[in-house]
Amino acid sequence: MTDRGARITVRPPEWWLVLSIVVAAPILLAAIRGIRRGYLPIGDNALIEMRARDVLTAHHPWLGTWSSASISSGIDVNHPGPLLFDAMAVPVRLLGAGPGIALGVAALQIAVVIAIGWCAHRIGGRPAASATLAVTALLVWSIGSELLYDPWQPNLLMLPFLLLLVLVWGVVAGRHGMLPWAVLVASFCVQTHLSYVFLAPAVLLLAFVVVALRSLRVDGQWGWSHHGTRPLVLGVVVGLLAWSQPIIEQLFGPGQGNLSRLAASGGGGEGTRTGVTLGVRLVSAVVALPPWFTRSGMMDTIPVTQWSTGADGPTLDVPGLAGPVTAVLGLMVFVALVATVGVVARRRGDAVIEAAVLVFGVAFVVALVTVVITPIDSLGLSPHKIRWLWPLAAFGSLVFALAAARWFRRPPIDDRVVSGAFSVVAVLFAVATVPLHAHDAGPVGFRGDIARIRGLVDQLDALQGRGTVLFDASGLYFAEPFTAPVMAGMQRAGVPFVLDEEGLVRQLGERRRFDGRADLLVYVREGSDALVIPPGVERVAFQPALDDADRSELVGYEQRLTEWRRDDGPGAASLPPEATLDDLGSLAAAGVVDLRPALGDDSERFVELDQRWRGLGVAVFAEPLP
C-alpha cells in the first residue's frame with residue numbers, strides 16, 4: 001500500500017520530444033486540411049494508392065513503381081522495392097484512398113521528425129537536438145504544407161533522407177546502435193526512388209566501415225571487439241529483410257529480374273549526362289548560393305527545363321542558375337568552410353562536430369558525382385531527380401550552426417540559452433508552415449483537377465458486373481493526372497482490368513497483363529474528344545468542366561446565338577458559312593468573328609465558358625470487345 005501522504009512525482013516529457021511534436025504538428029494539420037478539402041491521389045500518386053491496396057493480395061507488389069529512368073536507359077526498370085507500398089497498406093485499407101494516403105504519409109513524416117529529434121538528442125544532448133530540429137523545421141517550411149502529405153517519391157523522401165544523414169552521424173559519433181535503423185531508412189530511400197541509388201548506400205557504407213574499424217581496434221591494438229558485433233549483425237539482418245521482396249522478384253519473378261535490368265541499364269543508358277559544368281552549377285545553386293534550400297528556391301532554383309534546338313543542335317539553357325565562375329567560387333568557399341570546421345573540430349577534440357563533417361563530406365562528394373553522371377533524358381532537366389540536394393544542404397547548414405553554438409558561446413550563454421534560441425527558431429518555422437502553400441512539384445501541380453477527377457471516378461460503378469476491362473491509357477499527354485485515378489477507381493469498385501502496355505504492366509503487376517481475354521476496352525479522353533461519342537461506343541463516365549449553373553448559362557448564350565443566326569441578325573452574315581455553333585467560341589477567341597452584335601458585353605463570358613466546356617471536360621469510354 002501507498003502512504004496517504006506520499007506525493008507522486010510526474011516527470012515532464014523530454015524537451016527534444018516536445019520540440020519534435022511542435023515541428024511535426026504542421027504535417028498533421030496539413031493532411032487534415034487536405035482531407036477536408038477533398039484530397040484524392042491523382043496522377044502517379046494514384047498508382048501508389050493502388051499498389052498499397054495490392055499488398056498481400058494476388059497482385060502483391062514485389063517492386064516499386066515504373067521509373068522514368070527507363071526513358072534514358074531504353075530498358076523498362078522499376079524503382080527497386082515496395083517498402084513505400086508496405087508502409088501505406090494499412091492506412092489505405094482502413095481509411096480509403098484520400099484519407100489513407102494523406103494520413104499515412106503524414107504519420108510517416110511525423111515519425112521521421114520525431115526520430116530526427118531522438119537521434120540528435122542521443123548524439124549531442126539538448127543543444128544538438130534543438131539545432132537539428134530547427135534546421136528540420138526550416139526544411140519542413142521549405143517543402144510547404146501540400147507536399148508534406150504527398151506520396152510522390154521525390155517529395156516524400158526529403159525528410160527520410162535527412163533522417164538517414166542524422167542516423168549515420170550518430171553512428172560515426174559512437175552511437176553504433178543506430179546502424180540497423182540507418183540500414184532500414186537507407187533501404188527505404190533506395191527502394192522508393194532510384195535517384196538515391198548511389199547516395200544512400202555511400203553514407204551507409206561509411207557507417208558500416210566506422211563500426212567495423214572500431215571493432216577491430218581494442219585498446220589501441222588490432223584485434224576484434226564484440227562491441228560492434230551486435231549492430232553489424234543486426235544491420236545485415238535488417239538489410240536482408242528489407243530487401244527480401246526485390247530479391248524474391250529477381251530470383252523467381254517472370255522474365256529478367258529488376259535488379260538485373262538495373263545493372264544492365266548501366267546507370268542510365270547512353271543519354272546525355274549532366275556533365276561537370278552544369279553539375280557544379282546545380283549543386284552550388286542549392287548548397288552554396290542563396291536562396292539555398294529555402295522555400296523560394298524549392299521550385300525556382302532548379303526549374304524544369306526543356307531541350308531547345310540551337311544552331312549547334314539541342315541545348316539546355318537552365319534559367320536563373322549562376323554562371324560557371326560564380327558557381328565554382330561559391331562551392332569552393334563552401335567546401336573550404338566545411339573543411340575548416342572539420343579541422344577545428346579535430347583539434348578541439350569535438351567528436352560530435354567532426355562526425356557531422358565527415359558524414360556531410362562523404363555525402364557531398366557522392367552527391368556531386370551523382371549529379372554529374374545523371375542522364376538528362378528527352379523530357380529535359382527536372383529537379384525531382386536530384387531533390388536530395390535540399391536535405392543535404394540542410395544538413396550542411398546544421399554543421400555550421402551547431403559548430404558555432406558549441407564553440408563561440410560565452411558566459412552567461414550556456415546550453416539552456418543555446419537550446420532556447422534554436423527552439424524559438426524551430427517554433428517560428430513550424431508556425432510559418434501552417435498556412436497552405438503548394439509547390440507545383442509532381443502530381444500536386446494538378447490539384448485543381450481533383451474535383452472533376454473525383455466526379456469522374458464516382459461514376460465508374462457503371463462498369464461493375466460487365467466482365468474484365470482492357471484499359472488503354474494512351475491518347476493523352478505524358479504524366480497526365482486522369483488515367484491512374486480511373487484505374488484506382490476501377491480497383492476500388494471491384495472491376496477487374498488488364499493492360500497491354502509494358503510500362504503499365506511493370507507498374508501494376510504481371511498478373512494484370514492482357515492475355516487476349518477481355519470483355520470491354522476502356523479509355524479516357526479529355527477536352528473536345530470527351531464530348532464526341534463514337535458509334536458503337538458508350539460514354540460510361542463524364543465530368544464536364546462546368547457546374548450546372550455555368551452550363552445553364554452557356555446554353556442560354558448558345559440559344560441566343562442560334563436565334564441571331566437564324567434571324568440573320570446584325571453581323572450574322574459575316575460568319576463563315578461552314579461554321580457551326582460548336583465553332584463560334586473558338587473562332588471568337590481567335591478574333592476571326594465578332595459575337596458582340598448578338599451577345600453584347602456577354603460575348604467574352606460566352607467565349608470563356610465555351611472554351612472551358614470544350615477544353616477541360618474529361619470522360620471514360622467503353623467499347624465492347626469481340
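Rounded to whole Å and sorted largest first, list the principal axis extents of the Cα atoms in segment 62-148.
The Cα atoms of segment 62-148 stretch 48, 35, 24 Å along their principal axes.
Between beta-carbons, use under 14 Å as the cut-off and find the net charge around Gly279, counting Lys and Arg +1, Asp and Glu -1.
Summing Lys/Arg as +1 and Asp/Glu as -1 gives +3.
Under a Cβ-only charge scheme (Lys and Arg +1, Asp and Glu -1), can you give me the dipole magnitude of segment 472-517 about the Cα centre, in debye to the nearest 20?
240
Set Lys and Arg Cβ to +1 and Asp and Glu Cβ to -1, take the dipole of segment 483-592 about its Cα centre, and tell me which of Val522, Val592, Gly569 lies farthest positive.
Val522
For Asn78, list long-range residues whose amide hydrogen, built 1.01 Å from N in the peptide plane, is under 5 Å from its own amide hydrogen.
Ser67
Simple spin-label model, 7 Å along Cα-to-Cβ: Ala479 to Leu95 in nm?
2.7
Give the angle, between 0 and 90 degrees and rounded to the nearest 10, that separates the Cα long axis of helix 199-216 from the longest principal axis of the Cα atoms of the chain.
20
Provide the net charge surrounding Ile143, with neighbours chosen by a C-beta distance below 12 Å and charges set as Lys +1, Arg +1, Asp -1, Glu -1.
My count for the surroundings of Ile143 gives 0.
With every protein chain kept in place and ligands, DNA and RNA left out, what is the accessible area per residue of the chain? Probe 1.4 Å, answer in Å².
44
Pairing the Cα long axis of helix 324-348 with the longest principal axis of the chain, what angle in degrees results, from 0 to 90 and rounded to the nearest 10?
Tilt relative to the chain: about 30 degrees.
Would you mind computing, in nm to one decimal, how far apart the modelled labels at Leu428 and Phe408 are, each placed 7 Å from Cα along Cα→Cβ?
About 1.6 nm separates the two model spin labels.
With +1 on each Lys and Arg Cβ and -1 on each Asp and Glu Cβ, and nothing else charged, work out how big the dipole of the chain is about its Cα centre, in Debye to the nearest 20.
Roughly 3800 debye, rounded to the nearest 20.
Apply the a/c threshold of 1.5 to the C-alpha gyration tensor of segment 244-315 and tell me whether it is rounded, prolate or oblate.
Oblate.
On a full-extension model of 0.36 nm per residue, what is the gain between Arg513 and Thr229, subtracting their alpha-carbon distance, rounded to one decimal in nm?
97.6 nm
What whole number of Å gives the distance from the Cα centroid of segment 372-391 to the Cα centroid of segment 47-125?
Using only Cα atoms, the two centres lie 21 Å from each other.
Report ³J(HN,Hα) in whole Hz for each residue of segment 65-74, in order, from the Karplus equation J = 6.51 cos²θ - 1.76 cosθ + 1.60 where θ = phi - 60°; Gly and Pro get x.
So the J values, rounded to whole Hz, are 6, 4, 9, 5, 4, 4, 5, 7, 7, x.
Computing the accessible area with a 1.4 Å probe over protein heavy atoms, can you report the carbon and sulfur percentage for the chain?
Carbon with sulfur: 61 percent of the solvent-accessible area.
What is the helix-to-structure angle for 179-192, meaning the angle in degrees between its Cα long axis and the longest Cα principal axis of the chain, kept from 0 to 90 and rounded to the nearest 10?
Relative to the chain, helix 179-192 is tipped by roughly 20 degrees.
Let me check I've understood the local charge: for Trp390, count other residues with C-beta under 14 angstrom from its C-beta, Lys and Arg +1, Asp and Glu -1. What total comes out?
+2
Please give the length that would be gained between Glu14 and Val417 if that part of the chain were fully extended, namely 0.36 nm times their separation in residues minus their C-alpha to C-alpha distance (nm, one decimal).
Gain in length upon complete extension: 143.4 nm.
Quick check on the chain: of the DSSP beta bridges with both residues there, what percent are antiparallel, nearest 5%?
Antiparallel bridges: around 75 percent, rounded to the nearest 5.
How many Å³ per residue does the convex hull of the Cα positions in the chain occupy?
248
Tell me what the chain gives for mean residue ellipticity at 222 nm when only DSSP H runs of n ≥ 4 count, each as -39,500 (n - 2.57), the sum divided by the residue total, rounded to 500 deg cm²/dmol.
Calculated mean residue ellipticity at 222 nm is -18000 deg cm²/dmol.
Pairs of alpha-carbon atoms within less than 8 angstrom and 6+ residues apart define the contacts here; what relative contact order does the chain have, in percent?
Dividing the mean separation by the residue count of the chain yields 18 percent.
Can you give the alpha-carbon Rg of segment 329-410 over 2.2 N^0.38 Å, where N counts its residues?
Cα-based Rg divided by the globular estimate yields 1.30.
The values are calculated or read from the model by the stated rules, or taken from the named source; none is laboratory data. In this text the structure is predicted, and so the values were computed from the model without any measurement. Quick reminder, even Gly has a Cβ in these numbers, built from the backbone with ideal geometry, and neighbours come from all protein chains shown. Surface accessibility is based on the protein's heavy atoms, side chains included, excluding ligands, DNA and RNA. Shrake-Rupley method; radii C 1.70, N 1.55, O 1.52, S 1.80 Å.
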